[in-house]
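Peer 1: For reference, the structure I am asking about is given below.
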Amino acid sequence: MTTDVVSQISTVPLLAILVSMTAIPAILLSSRKPNLRESWSFLAAGLKFALVLSLVPGALRGESVGITLLEIAPGISLRLVADPLGVLFALVASGLWIVTTAYALGYMRGHHEKKQTRFFASFALSLSATLGIAFSDNLITFLIFYELLTLATYPLVVHKESPEALRSGRMYLGYALTAGLLFLAAAVWVNVRVGDVSFAAGGFIPEGAFGEGELKLLFGLFMVGVGVKAGVMPLHSWLPAAMVAPTPVSSLLHAVAVVKSGAFGVLRVTGFVFGPEMMREHGLDVLLALFAGATILLASLIALRQDNLKKRLAYSTIGHLSYIVMGAALASPAALTGSLMHLSAHAVMKITLFFCAGAIIVHSHKTEISQLDGLGRRMPWTFGAFAIGALGLAGIPPVYGFLSKWWLSMGSLDSGYSLALGVFLVSGLLNAGYFFPIVIRGFFRPPAPDAHFPKGEASPWMVAPLCITATLAVVFGIFPDFPLPFFEIAKQVVESVMGELPQALNAKDIGLAP
Amino acid sequence: MLYVVRDLPPRGDVEAPLHAKSSEVGSPAAGTYYIESSYKDAGTDNIVTVVLADYRGFDTFGETVVVFAAGAACLLILRGRRRS
Amino acid sequence: MSSVIELLLYLLLIASALVAINVKDLLAAAVTTSVFSFVIAILFIEMGAVDVGFTEAVVGAGVLGVYFIMMILRTTRRTED
Amino acid sequence: MNGFFEDYSAYIMCFLLLTVGLYGMLLKRNYVKKVIGMTIFQAAIILFFILTAYKEGGTVPVKDPTLPLDQADAYINPLPHALMLTAIVVGVATVGVALSLLIRVYGAYGSLDEDKIQQEASK
Amino acid sequence: MIGEHLPALPILLYLFLALLMPLAAKLGRGLPWAISWLGSLAVAALGAWGLWHTSTEGPIRYAMGSWAPPVGIELVADPLSCFFTFAIGAVSAFVLLHSRESVERDCGASNTMTYYASALLLLAGFSGIVGTGDLFNLYVFLEISALAGYAVLGCGSAKASLSSFRYLIIGTIGASFYLIGVGLLLAKTGSLNMADVTAILHLEGLSPATTLAVVFILVGLGIKMALMPLHYWLPDVYTNAPATSTALVAPLGTKVAAYALLRIGYEVLPYEALALDLRVFDVVLALGAVGIIWGSVMAIAQDNIKRMLAYSSVAQIGYIAVGFGLATPYGYIGAVLHVINHAVMKACLFLVTANLEHRGEGVSIKGLNASLRRKMPVTCACFAMAAISMIGLPPMAGFFSKWYLLLGSYEQGSWILVVVIVVSSLLNAVYFFRVLERLYLGKDEGEAEGASPSRLPTVMSFSTLVLALSLLALGFGNVFIVSKFISPMLPGF
Amino acid sequence: MKSVGVSPIVRLACRCMARLIQIFALYVIFHGHYSPGGGFQGGALLAAAVILIRIGEGRPVSQVELSSSATLGIGSFGALLFGGVGLLALLGGGNFLQYDALPSFGLSPVGLHYWGILVIELGVALAVMAILVSIFDVLTEDDESEG
């Protein structure tokens, strides 16, 4: 990152990416011994998280460390740099990989899934790609990992190899590859006009490099490029379709890694390519905000009508991703803070919800919401965690989701788009509207007479992770900097991009309430 | 087509670029050089033979190779497939 | 065209070419091709290209003719155009 | 020099011959006819080169004791002749390969007419 | 010694090895095979050395028989020609290494000698086209490679002979057109030497006759390189020919014609007149663009993998034509880089089909199933890598040629081209993932482990793998190649 | 080709013609320096002679003249003779085919060119004769059966 802070050479970002890549051969070689194979995954996940953690102190000081690998096109290097924004995203992704690995172990074995080796190998590769995206220093490095992510997740989407899965896989590829190509087209264009593709906090495209119309077109290309993965409507339809994948995939990739890399891409493009000033100057912020707002509302409405649990979660994901996009679009310090916090908040909460859904599917083989009546009493832990996640997504304190939504709302006020505030409020209600009935059905409705529920809870391999993430959601809601300093890092990012902190922060008011 | 033909040097024109002593950029024109110096260079009366075998010997080597290639090609295509 | 003979040769050339291409019997076509080669060889010699004319006569009228005829004997004389 | 017809009719004949050859190669349906068209086409090209080499009043490019060699205009240009010797050989070689391919084609399809072979091949 | 004679050495090496084949076959049965791939390797080494040498010390000109150029024949080794020589040697070395058993199967065991002789003559022709500085000499080598090409392409089944015969007719038209063009140029300039003709034409500009010459030369070479409307001979030939021949001709044959086009178009003919009066570059660009889309769409419609790859070649040649037609440094870099990238990709893909045929698997896409992945893991992995590169995903080689072409199109402000390149990448993805899906997903319907026939010979999987891996190397090394070798060879624009 | 049924007169004519053609061919090759003609024409004439015998006498007899199995070998030998002269010049310190760099045996450079040309013409003649006959052989071979 060509921020004010001089970047130091450090191999840590590279190592963090390589860790899971080197795990792949190990996983493939030990395909006959499941226990060994899974321990490789655990080992890689732990190491990766430790490596990312070691980057946190630097990020808190606002430093960027990284390494230039090789020149990949004249004047453009394959360059990995851990700046605060990248570290934030990497923390979320690598931290949740550990829990997901545990969960996946329980899920895959409980579900007797086939081809588990391929599954775990692709998973590791996806995580490498995700971290690569987080640590990319320029558009081309970003694009390389972005495409790698597409390829790595494709086997996961089509994992079941049913005709439906294949169809979804094709759809996913179609969307993602198109997006990648448009991104490429945009990146090349920038390279031709600006002569540089390195991200810089506050944007690196100089005023006047593009004409008015060209700028809008460029922005459009970029936004389609990253918006597909971020599920911005009307580019979202691959996401519900991709729900045919096994639930650990849906939870980590389609709630955290893949879709968040899209949202992360939006943040990178708005904050580090164009910059808030240029966005505002040329009305790009309104353009993006319109799409984001529409997505938030529409996705919530569609979610209301879904009976399939995972589908409902998928549409909810689409809505919440657009929160992040909206925060990026509003481009005020407070909104950006909210956006960054929602990046982590939504991850923690949505992964909880998907874990719960997976546990329900594996344990009771129920996939539709209408079949869940009374199940909560059999699976109290699962449904309890679900309730916490639902509360958070609806924006009710003391869960983490409340904080992020609060900042977003603040941002909508001080950026002058108060209409956005309305969007957040309405969507909060809608969130409550589509999540709470599930909890209520689970705990308070009597089971249907023909329902055959198994006894007890799901496997501890699955329940433990979902309890952990639910707890995390609450803990972060109360102490936004404990155990991981998400809020502090977000502050660094905001300061570097906007040049100022949200006003409320200047009053030394940090934490629970503004 | 007539338009193009008109642009060519007339038949038998001694002034044509091909027959000039040197080209417009001053390099010697090959044809005239051959006529003037072939006997001097190779002591052979037949100018075409000298051009063929000496000045442009590499073309002729190529030509011989073409013949060889044709022989190999015909053998390859038609021989040795009784078993199929 | 420097002489009537040359003009006649040209006309013969084009006529034999057309016949070779259009005659319905392949063997006749092959023989006409040899004639064509022979005529064009004479033309070459008339224009001072003795070596080329010689070669064309040997090759076109001789070797190629034999090849064509051998090939036609091995396959078929029949053709539809 | 001598009027258009005198100067250029040879070129025109040459181009006519080219057209005849091309017509044979492209439009004839019989493969042997295509090969014959090919020989005519190549002969026409050779004719063109020889035409460009010709000099009015020039003699055969073999040293003549009565004509000093530095009178270049007295000898016909040998360069195109040499080139065309090569081209003739290339032509023979091509025809040889073409004919051997045709023998195989006939062996498999029993015909040398494009339409019949196409019928046979699509069976 | 080597430096002085460098331009002639690859050609002579190939020619002599080919001529020695009858002798070699007498001495040992496997000798023709060994000689041919070792020879190619040596040529690759010469090319690499020459590339390094000429890009630091400038081009080497070699007068055949020591006759100064306009009188004698001149060979030229500059970075571009050495680059192509290297590509020819390197790709063919691995294809030939791979070829031993498929040649015996497809062309008969008693024909190996003539096959390898023809293959070497084919390569000799290619390197001659690349190395020569004389217009007529280029024709001679064009015909050497063409004749040898008809032989190796037509020696398999009767179907192969049929399509090879059709190719012969159309290819002869192409070569003859080129010859007519040369004749017209000779009549107007009196010279055959490229540098000489260049100087004269730059002085005089284009007259009607030279314009016609340009048209003939471009159409002739266009046929040889299978540029869009002149491409229709290609799919049949590639589909029916023996596997090795396709793997030899498909990556190199059309590229070499493209090289000749590049050379003559940029260097011999006067650039301004071509660009402004004739708009040749625009025409080539448009044809290339149409070819890209047309080839990709046709590839999707095919069920035979070889046919699909053949149509994909038409599309890829379109890329090269586009780079050529852009007539900017980026376009040029893209075109040249794509030549080597595509050569390696196509060689790899056709070797994969050769492997499939060798194992008795069909080359119909519908007939593929997931058991192949178990039976031939290396082959499948190579196919996947090459396919990803063809689609143009980073960091495989294919991405970077696309990158430069995109840079070039933006520079020209040509939006349609950007769209074409993007759309064609998607179409590529469609037809390659169709195959990948069948290879990697779906039920393993194969029989039990022991029942499958003999394993693929190691050399076969080895050479396929080397080509696939070099795609990665080419991808990561592209900056090195571009800045070190391609940039010095840029013509003045 | 079948030799059965060819009348003795034809056979005799063929034989005589063939010898005449061969002599003429040798003349063409060696006199190529002074009059039209040279390696290729001479080679083609030699080939014509052999082909004439092949047609007139039938295969078995004509094998004595030039064995079918040796044709490609002789062809490559002819081409190698050509290439060898070039290579010899290369090794002698000149460029490929630079005749005056050949080992001189007391000849002047001009003489070297003269003799060099003669040798390569011989090579060409050998190659052309062998290959043209070989193509004729292949075209007339009846023993293949397409399956």
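Peer 1: crowded, with 21+ Cβ neighbours inside 10 Å, at the interface with chain A (Cβ under 10 Å from one of its Cβ atoms) and modelled with pLDDT of 80 or more - does that describe any residue in segment E:367-387?
Peer 2: no
Peer 1: Of all residues in segment A:87-143, which are surrounded by fewer than 24 Cβ atoms within 10 Å (Cβ to Cβ) and farther than 18 Å from A:Ser41 by Cβ?
Peer 2: A:Leu91, A:His112
Peer 1: Going through F:Ala89, F:Ala49, F:Ala70, F:Ala127 one at a time, which residue ends up being among the aliphatic types (A, V, I, L, M) and within 14 Å of chain D (Cβ to nearest Cβ)?
Peer 2: After ruling out the rest, the residue left standing is F:Ala127.
Peer 1: Which residues, taken from segment A:221-256, are without any contact (Cβ under 8 Å) to a residue 40 or more places away in the chain and part of a helix (DSSP H, G or I)?
Peer 2: A:Leu221 - this is the single residue of segment A:221-256 that is without any contact (Cβ under 8 Å) to a residue 40 or more places away in the chain and part of a helix (DSSP H, G or I).
Peer 1: What number goes with the only condition from (1) modelled with pLDDT under 85; (2) more than 9 Å from every other protein chain (Cβ to nearest Cβ); (3) buried (at least 24 other Cβ atoms within 10 Å of the Cβ) that E:Leu153 does not pass?
Peer 2: E:Leu153 satisfies every listed condition except (1).
Peer 1: Sticking with this structure for a sec: Residues that are in contact with a His (Cβ under 7 Å, 6 or more places away or on another chain), at least 1 per element: which helices (runs of 4 or more DSSP H) completely within segment A:375-491 meet that?
Peer 2: A:380-394, A:400-414
Peer 1: Follow-up question, since we're still on this one. Restricted to segment B:24-57, and to residues that are at the interface with another protein chain (Cβ under 7 Å from one of its Cβ atoms), charged (D, E, K, R) and assigned to a helix (DSSP H, G or I), which residue is farthest from E:Ile73 (Cα to Cα)?
Peer 2: B:Glu36
Peer 1: I'd like to check something: does segment C:51-60 contain any residue that is within 7 Å of another protein chain (Cβ to nearest Cβ), buried (at least 24 other Cβ atoms within 10 Å of the Cβ), touching a strand residue (DSSP E or B) at 6+ places or on another chain (Cβ under 9 Å) and without any contact (Cβ under 8 Å) to a residue 12 or more places away in the chain?
Peer 2: yes
Peer 1: For segment B:33-53, which positions are buried (at least 24 other Cβ atoms within 10 Å of the Cβ) and farther than 30 Å from E:Ala151 by Cα? Give the steps one after another, and end with the answer.
Peer 2: Step one: of segment B:33-53, the residues buried (at least 24 other Cβ atoms within 10 Å of the Cβ) are B:34-35, B:38, B:42, B:46-53.
Within segment B:33-53, B:Tyr34, B:Ile35, B:Ser38, B:Ala42, B:Asn46, B:Ile47, B:Val48, B:Thr49, B:Val50, B:Val51 qualify.
Peer 1: Determine, yes or no, whether A:Ser41 is of a type in the set (S, T, N, Q), more than 21 Å from A:Leu139 (Cα to Cα) and either modelled with pLDDT of 80 or more or assigned to a loop (DSSP other than H, G, I, E, B) (or both).
Peer 2: Values: of a type in the set (S, T, N, Q): yes; more than 21 Å from A:Leu139 (Cα to Cα): yes; either modelled with pLDDT of 80 or more or assigned to a loop (DSSP other than H, G, I, E, B) (or both): yes.
Here the answer is yes, as A:Ser41 does meet what is asked.
Peer 1: Related question: Give the residues of segment E:195-217 that are surrounded by fewer than 23 Cβ atoms within 10 Å (Cβ to Cβ) and either more than 12 Å from every other protein chain (Cβ to nearest Cβ) or over 27 Å from E:Ala77 (Cβ atoms) (or both), sorted by residue number.
Peer 2: Hits for segment E:195-217 are E:Glu204, E:Gly205, E:Leu206, E:Ser207, E:Pro208, E:Ala209, E:Thr211, E:Leu212, E:Val215, E:Phe216.
Peer 1: Going through segment C:61-75 one residue at a time, which ones are assigned to a helix (DSSP H, G or I), hydroxyl-bearing (Ser, Thr, Tyr) and farther than 15 Å from D:Thr39 by Cα?
Peer 2: Of everything in segment C:61-75, nothing turns out to be assigned to a helix (DSSP H, G or I), hydroxyl-bearing (Ser, Thr, Tyr) and farther than 15 Å from D:Thr39 by Cα.
Peer 1: Next question, about the same structure. Out of all the residues in segment E:92-115, which are crowded, with 24+ Cβ neighbours inside 10 Å and farther than 23 Å from E:Lys159 by Cβ?
Peer 2: Listed by number, the residues that qualify are E:Ser92, E:Phe94, E:Leu96.
Peer 1: Right, next: Identify all residues within segment E:423-432 that are within 9 Å of another protein chain (Cβ to nearest Cβ) and over 10 Å from E:Ile388 (Cβ atoms); write none if there are none.
Peer 2: Let us first name the residues in segment E:423-432 that are within 9 Å of another protein chain (Cβ to nearest Cβ), namely E:423, E:425-426, E:429-430.
Hits for segment E:423-432 are E:Val423, E:Ser425, E:Leu426, E:Val430.
Peer 1: Looking at D:Leu69, D:Leu79, D:Leu26 in this structure, which one is within 12 Å of chain E (Cβ to nearest Cβ) and in contact with a Phe, Trp or Tyr (Cβ under 7 Å, 6 or more places away or on another chain)? Talk me through it step by step, then tell me what you get.
Peer 2: On the way: D:Leu69 fails: within 12 Å of chain E (Cβ to nearest Cβ); D:Leu26 fails: in contact with a Phe, Trp or Tyr (Cβ under 7 Å, 6 or more places away or on another chain).
When all the criteria are applied, what remains is D:Leu79.
Peer 1: Further question: Collect the residues in segment A:201-220 that are in a loop (DSSP other than H, G, I, E, B) and free of Cβ contacts under 8 Å to residues at least 60 places away in the same chain, keeping them in residue-number order.
Peer 2: A:Pro206, A:Gly208, A:Ala209, A:Phe210, A:Gly211
Residue by residue, here is whether (1) at the interface with another protein chain (Cβ under 7 Å from one of its Cβ atoms); (2) within 16 Å of C:Val59 (Cβ to Cβ); (3) basic (Lys, Arg); (4) crowded, with 22+ Cβ neighbours inside 10 Å holds:
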residue	(1), (2), (3), (4)
D:Tyr11	yes, no, no, yes
D:Leu17	yes, no, no, yes
D:Asn30	yes, no, no, yes
D:Gly37	yes, no, no, yes
D:Ala43	yes, yes, no, yes
D:Leu47	yes, yes, no, yes
D:Ala53	yes, no, no, yes
D:Val62	yes, no, no, no
D:Ala74	no, no, no, no
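Peer 1: Does B:Val14 fit the bill of being farther than 24 Å from E:Phe141 by Cβ, within 7 Å of another protein chain (Cβ to nearest Cβ) and either at pLDDT below 80 or within 20 Å of the chain's Cα centre (by Cα) (or both)?
Peer 2: Considered against the rule, which asks whether it is farther than 24 Å from E:Phe141 by Cβ, within 7 Å of another protein chain (Cβ to nearest Cβ) and either at pLDDT below 80 or within 20 Å of the chain's Cα centre (by Cα) (or both), B:Val14 comes out as yes.
Let's see how each residue does on (1) surrounded by fewer than 21 Cβ atoms within 10 Å (Cβ to Cβ); (2) not in a loop (DSSP other than H, G, I, E, B):
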{"residue": "F:Ser104", "(1), (2)": "yes, no"}
{"residue": "F:Tyr114", "(1), (2)": "yes, yes"}
{"residue": "F:Ala125", "(1), (2)": "no, yes"}
{"residue": "F:Val138", "(1), (2)": "no, yes"}
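Peer 1: Let me ask something additional. Just name the residue that is nearest to A:Ile388 (Cα to Cα) out of those in segment A:413-443 that are touching a residue at least 60 places away in the same chain (Cβ under 8 Å) and among the aromatic types (Phe, Trp, Tyr).
Peer 2: A:Phe435
The values are calculated or read from the model by the stated rules, or taken from the named source; none is laboratory data. No experiment lies behind these values; they were computed from the predicted model shown. So basically every Cβ, Gly included, is an ideal-geometry build from the backbone, and we count neighbours across all protein chains shown.
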